[in-house]
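Below is one structure, written out as structure tokens, with a few remarks after it.
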Amino acid sequence: MHAPSDRKAIQHTVLMLEALGVVALDETLPALDAEGRRGHAHAALLQLDVAEDGAEDASYALGPVIGEGGMGVVHLAHERSLGREVAIKRLRPELRDNEVAATLLVEEAMVTGALEHPNVVPIHAVGADQSGQPLMVMKRLDGVSWRRLLAEPEHPRLDEVADPLRFHLEVLMQVCNALHYAHSRGVVHRDVKPENVVVGSYGEVYLLDWGAAFVPSRHRASEAIVGTLAYMAPEMLRGSGDFVTPRTDVYLLGATLHEVLTGSPPHAAETIDDAVLSIHRSGAVIYPVTVPAELAQLCVAAMNRDVDLRPESASSFKDAIERYLDHRGSHELAAAATDRLRQLVEHCGAEDVDGAVVTRLYIECTFGFRQALSSWQQNEAAIVGLQRCGEAMLRFELDRKNLEGARATLEQLPKPSPELAAAVDDLAREREAEGREVERLRDIARQQDPTTASGARASSAVVTGVVLAALFVALAEVYPEASGLSHRTIVYVTVSLGVALVGGAYAMRESLLATRVNRYLSAAVFAITATCALVHVAGDLMSAPVAYGLVADLLVSGAVVATVGLNLHTGLVVVGGVYLAGAVAAGLFPTRVLEVMALVFLVSHVVVAFTWRRLGATGNV
């Protein structure tokens, strides 16, 4: 909302404009106050020989009307002395007795003629016809209004234009050239708009209609409101040239650029009241995303309500457009990469995400943004986009628990992200903990794997079985029917066997003692050996028959091996059964106990060796 003083100012301006007889918002408002100007229209004007009837002796032969304005009409004419076509502008018939209009036409000729610049139409002469009406002779322009080119994208003049935006920006830069020159000569145009620009057949650009121009040397205090409402700067509504500066034209350049970008002038409205309100506000416009950010920022800066915050000159305005054109390739690359970024974010958030598609989009996205930055390092869209792209991919890698990918993406981020870096560290610690847990489980599995050193166990079983079988065969030869065999002898034999087993286990400790299973089996063997020795020590103390002790040995061995087999491998249960069967046989045939022992040891150890060999080959427990 505006303050009461602002509302009063707006109401006053509207009343003034209505009093001046404004018909449409896109018409130029002429300075109608003739005070201080009277007398200019007829003072010292040379008479020009102009004929409307095609007289051959006239200096200028008028042709058809080729253009009309608010006060004047433009005729095609033939200049006899040089044999060329020119354009002659004179007052409309209904204004030929209006001294104010005559003065304005003469002043337009004087101002325009003083501006010798490629973008200002050359004035060949200014004078009066035979009836004393002022007219000016100027170059005949072979071109089309810029207004028409903006309104008709399919116009034939644009058929060969590959890049319409670049074309219109280059036209606007030519207008900047004309204004910069005019400002250097102390002239402010005050009515810059596409309608006052002509684009020639060969690309030449002319800024026309300098009749509204402000020239300090000709300024009068009674200056009225001049310009076109749809483009007008706030200070122009004050109706005094005291507030008009070159930055007023900069505002009009911004308004014209606004129309190029959006298709309509900034203060287009249905009523004068609405137009004036829009001019007074002149706030920052929010442009659609389709408008390049650099050009949008230039429009906002040029149409700033505060004159001092606008670009300092038309040349500065032009430089800003040139910078945009230089950066445009970078902008286009960034725009394409931004589209890929949108797709990347969508895929990263999808439930059924395809990692290959995400990786492809990430590569395309980063490549596009880096290419944009390689041509313009200050491309803010590319800088922000590259950061967002990396962060999106990093979050995707974190969601997938891909530590290597997350670390690689984190290193490529243009700017550090403490939050994401902390998340990567958390994932690293999580992975380390998982690694330790996996290693622990692997160690447990390895420790309980019966296939480890199964070959060594098989070999040692065969050797031990053969040795024990041979030993008891020898004992049977020495002690037929076990007569004379004492418990002490068995103890000596058992202890010797135990010592041999300990030595063998130590020699093969890297395999036989490397895992928990092997240590468990070795402990079972040592337990059997020690128990058997203790059985015979007890038998000796109790004077029990040796056969009883040997049967007890078979029972102890069978029970221990069968129990181990139930927990480890069914083949050992068979071995335990062999021992128990041997105990029964020894009980039935006590005189053959030594032979039974030899046979049991041989068969049991062969079965053990076969079990370990098969286990090592198949891995099946």
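The values are calculated or read from the model by the stated rules, or taken from the named source; none is laboratory data. Note that the coordinates shown come from a computational prediction; the quantities given were computed from them, not determined experimentally. Quick reminder, even Gly has a Cβ in these numbers, built from the backbone with ideal geometry, and neighbours come from all protein chains shown.
General remarks:
- When 577, 571, 549, 582 are checked against the criterion of being of a type in the set (Gly, Ala, Ser) and at pLDDT below 90, a single residue qualifies: 571.
- Among (1) charged (D, E, K, R); (2) without any contact (Cβ under 8 Å) to a residue 24 or more places away in the chain; (3) over 30 Å from residue 570 (Cα atoms) - the single one residue 443 does not satisfy: (3)
- Taken as a whole, the condition of being under 59 Å from the mean Cα position of the chain (by Cα), of a type in the set (A, V, I, L, M) and either in a helix (DSSP H, G or I) or surrounded by fewer than 18 Cβ atoms within 10 Å (Cβ to Cβ) (or both) applies to residue 109.
- So residue 283, is it in contact (Cβ under 8 Å) with a residue 12 or more places away in the chain and in contact with a helix residue (DSSP H, G or I) (Cβ under 8 Å, 6 or more places away or on another chain): no
- Some residue of region 417-433 being modelled with pLDDT of 90 or more, polar (S, T, N, Q) and either in contact with an Asp or Glu (Cβ under 8 Å, 6 or more places away or on another chain) or part of a helix (DSSP H, G or I) (or both): yes
- Test: residue in region 230-243 that is closer than 20 Å to residue 177 by Cβ and surrounded by 22 or more Cβ atoms within 10 Å (Cβ to Cβ): yes
- None of 192, 144, 188 is within 19 Å of residue 113 (Cβ to Cβ), surrounded by 15 or more Cβ atoms within 10 Å (Cβ to Cβ), among the β-branched types (Val, Ile, Thr) and touching a residue at least 40 places away in the same chain (Cβ under 8 Å) except 188.
- Some residue of region 29-49 being farther than 23 Å from residue 196 by Cβ, at pLDDT 90 or above and either out of contact with any Lys or Arg (no Cβ under 6 Å at 6 or more places or on another chain) or outside the structural domain of residue 265 (by TED's automatic domain parsing) (or both): yes
- Residue match in region 248-269 (condition: more than 37 Å from the chain's Cα centre (by Cα) and within 17 Å of residue 179 (Cβ to Cβ)): yes
- The residue that is nearest to residue 394 (Cα to Cα), counting only those in region 329-375 that are crowded, with 17+ Cβ neighbours inside 10 Å and of a type in the set (Phe, Trp, Tyr), is 362.
- Any hit, region 528-541, residues being under 30 Å from residue 440 (Cβ atoms) and in the same structural domain as residue 454 (by TED's automatic domain parsing): no
- Restricting attention to region 498-543, the residues that are in contact (Cβ under 8 Å) with a residue 24 or more places away in the chain and outside any helix (DSSP H, G or I) add up to 3.
- For region 73-94, the tally of residues that are buried (at least 17 other Cβ atoms within 10 Å of the Cβ) and in contact (Cβ under 8 Å) with a residue 60 or more places away in the chain stands at 1.
- When each of 520, 548 is tested for being closer than 24 Å to residue 568 by Cβ and hydroxyl-bearing (Ser, Thr, Tyr), the lone residue that passes is 520.
- Tabulated pairs, region 336-351, first in the same structural domain as residue 384 (by TED's automatic domain parsing), second in a loop (DSSP other than H, G, I, E, B) and β-branched (Val, Ile, Thr), C-beta under 9 angstrom, 6+ apart or interchain: 347/353
- Boolean, residue 319 is among the acidic types (Asp, Glu), without any contact (Cβ under 8 Å) to a residue 60 or more places away in the chain and assigned by TED's automatic domain parsing to the domain that holds residue 246: no
- Subset tally (residues that are β-branched (Val, Ile, Thr) and within 16 Å of residue 210 (Cβ to Cβ)) for region 129-183: 2
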